[in-house]
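The values are calculated or read from the model by the stated rules, or taken from the named source; none is laboratory data. Remember, it's a predicted structure, so these values are computed and weren't measured experimentally. FYI the Cβ positions are ideal-geometry reconstructions off the backbone, even for glycines, and counts take in every protein chain you see. Heavy atoms of the whole protein, side chains included, go into the accessibility calculation; ligands, DNA and RNA do not. Shrake-Rupley method; radii C 1.70, N 1.55, O 1.52, S 1.80 Å.
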Amino acid sequence: ACPVRKTDTIVLRGGSEQFIAESERSIHDALMVVMRSIKSGSVVAGGGAVEMEVSRYLRDHALGIKGKGQLMVTAMARALEIIPRQLSDNAGFDSTDVLSALRKRHAMGDDEGKWYGVDINDGGICDTFSRGVWEPSLNKCNSIAAAAEAACVILSIDETVTNPRSQDPGAQNTGMIGGGQGGPMTNMMGNAMNTANSGGARTGQLGPGVSYMKGRGG
């Protein structure tokens, strides 16, 4: 082999096209993780260890918050536990027992306990960092930031215009509501939106079969 080579060829063999495609996808994912780790310059423990540590920190931080903000922070902490729970379920283990053990270990607050995650080989929990289960720290930061942004986008929605389902079975085929007595659905929705945007009535019925519902934030 050439000692200064910069490329290698990997030959995949299998009994079916589906097996080959799955093997190629797995190798590609592994190579991309290595590349991302090198570019990131740092790694963190996988197996849900980071999610459990962040969840513990948020739960402790929520105790010092007054009002409804405490519920929001607690909900975020609870949502982060979905990652180790799903890992346990996929590996065929009891996710309730695994999460209980992870909470107890991370609650100790020592430096070694923060790297404890799901042990998918033997069941239970283990120090995933020492086991070589690593993830690029940049990927983890991006994942948590994207999840928080998605939650903020959903919470920012304060108005919804709904079109109730017609009780007339023939309305779906004819495009008419109320047995053909009204105009086409597209025109009705357009008129309703025009009424709402022009400062007209913003409660109750905006048109035949179209009602306006105002969210909490309005």
Item to check | Distant-in-sequence amide H partners of Trp134 (H built 1.01 Å from N, under 5 Å) | outcome: Gly46
Item to check | Net charge, Val43 excluded, C-beta distance under 10 Å - Lys, Arg +1, Asp, Glu -1 | outcome: +1
Item to check | Extension gain from Asp158 to Glu22, taking 0.36 nm per residue of separation minus the Cα-Cα distance | outcome: 44.7 nm
Checklist entry - Hey, any idea what % of the range 50-90's accessible area is carbon plus sulfur with a 1.4 Å probe? => result 63 percent
Checklist entry - Ratio of Rg to Rh for the range 48-109, alpha carbon only, Kirkwood? => result 1.02
Item to check | 15 Å beta-carbon shell around Ala30, net charge (K/R +1, D/E -1) | outcome: -3
Checklist entry - Counting alpha carbon pairs within less than 8 Å and at least 6 residues apart, what relative contact order, in whole percent, applies to the range 11-86? => result 26 percent
Checklist entry - Arranged from highest to lowest average of other beta-carbon atoms within 10 Å per residue, in what order do the peptides 111-120, 138-147, 98-107 appear? => result 111-120, 98-107, 138-147
Checklist outcome for this item: The summed charge of the Arg131 Cβ neighbourhood (under 11 Å; Lys/Arg +1, Asp/Glu -1) stands at -3
